[in-house]
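Working notes, structure below.
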Amino acid sequence: MKRNYSKWWSVALIAVIYVIAGVAGWLLFTFTGSLIVHPIVRLFVADVLATLVVWAFGLLYENVSVYDPYWSVFPPVAFLLWTFYTGVWSYPVVLLLVASWYWGWRLTRNWVITFKGIAHEDWRYTKYRSLHPVLFHLINLFGLNMVPTVVVFAAMLPGLKLYEVPFPDFGPGSMVVGGIGCLVCLAAATIQLIADKQIHDFRAAHPGQCCDVGLWKHGRHPNYFGEISFWWGIWIMYAAFEGMDWFVCGPIAMTALFMGISIPLMEKRQLTNKPGYAEYRRKTRILI
């Protein structure tokens, strides 16, 4: 059902949906301890259930964009709840909380600024609806909801493993490198924050034109560069205390998602809609 609520009524509605999804995930996590022993696996299953709840409301309101804030809301909230669940407030965990909440605030803020209301669906989703009407519901559930949830959770795993680092194992070198990882995260989110303002200001002053000022002069996707860098920063924090292992697959998967799907899809649209984008693309690097 389509509902043409005002922007702020729509924001409130999305908030209620997310509270319902969060409660559902929390209940599943709480009452499945005897069935799923490993708590991180239980957290993942709760994450999947919460995603299904958000997906179901997206079906109800005929708008896949109901899922959009999930990307920025789940990680910081999950990390904070995991801190209370484990009772661990160590140095690496504090770094993780500072980094994830700053990043989450930035990304959620940008969503609120650009969100037009529950009746408005992102152009990428409407494109999938029109191109693949028969398969759209499968694409919606798995490709547009579950794949991002799985990739984000994989990228979160290095952060979740920080809670298992025993305090006596901290060395000065690990603490310094962990701090550097946190700074990478903060710098990445700040780059996104600056890129957001620059492109919003440019679009207001030059509607329909290709943004090539500020950070956008040095890279075609500074916002995506910041997003990729944030997850590598989380991994650097983990590697500082635990070393390099297969958990590097998380940020690699995140990088592949942007480089293989998000950026090509965006650039194809820009080449069609923005005059001069082909020339801008030729002379400007893909990332900073």
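The table for this structure:
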| quantity | calculated |
| --- | --- |
| Dipole magnitude of the chain, debye to nearest 20 (Cβ charges: Lys/Arg +1, Asp/Glu -1, about Cα centre) | 1100 debye |
| Met175 - accessible surface, heavy atoms, 1.4 Å probe, Å² rounded to 10 | 70 Å² |
| Exposure ranking of Trp8, Trp105, Trp82 by accessible area [1.4 Å probe, largest first] | Trp8, Trp105, Trp82 |
| Among (i) 140; (ii) 124; (iii) 224, the entry derived from the coordinates for volume of the Cα convex hull per residue in Å³ | (i) |
| 30 Å Cα-Cα reach of Lys116 towards lysines, excluding residues that sit fewer than 8 places from it in its own chain | Lys2, Lys7, Lys127, Lys197, Lys217, Lys268, Lys274 |
| Cα shape, the stretch 140-252, gyration tensor, a/c 1.5 rule | oblate |
| Helix runs (DSSP H) in the chain reaching 27 Å along axis by Cα, Kyte-Doolittle at least -1.0 | 7-31, 39-60, 91-114, 172-205, 222-242 |
| Centre separation in Å (Cα based) which lies between the stretch 242-266 and the stretch 24-40 | 28 Å |
| Protection proxy ranking of 66-73, 138-145, 230-237 - average other beta-carbon atoms within 10 Å, highest first | 230-237, 66-73, 138-145 |
| Per-pair calculated FRET efficiency, R0 = 41 Å: His38 and Asn4 via Cβ, rounded to 0.05 | 0.35 |
| Sequence ranges 268-278, 85-95, ranked by mean other-Cβ count within 10 angstrom, highest first | 85-95, 268-278 |
| Structure-based [θ]222 nm, the chain - -39500 (n - 2.57) summed over DSSP H runs of at least 4, per residue, nearest 500 | -23000 deg cm²/dmol |
| Rounded FRET efficiency, nearest 0.05, which uses the C-beta distance separating Leu59 from Ala278 and R0 of 35 Å | 0.40 |
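The values are calculated or read from the model by the stated rules, or taken from the named source; none is laboratory data. On a predicted model such as this, the values are computed, not experimentally measured, just so you know. Here the Cβ is made from the backbone with ideal geometry for all residues, glycine too, and neighbour counts use every protein chain on show. All accessible areas refer to the heavy atoms of the entire protein, side chains included, with ligands and DNA or RNA removed. Shrake-Rupley method; radii C 1.70, N 1.55, O 1.52, S 1.80 Å.
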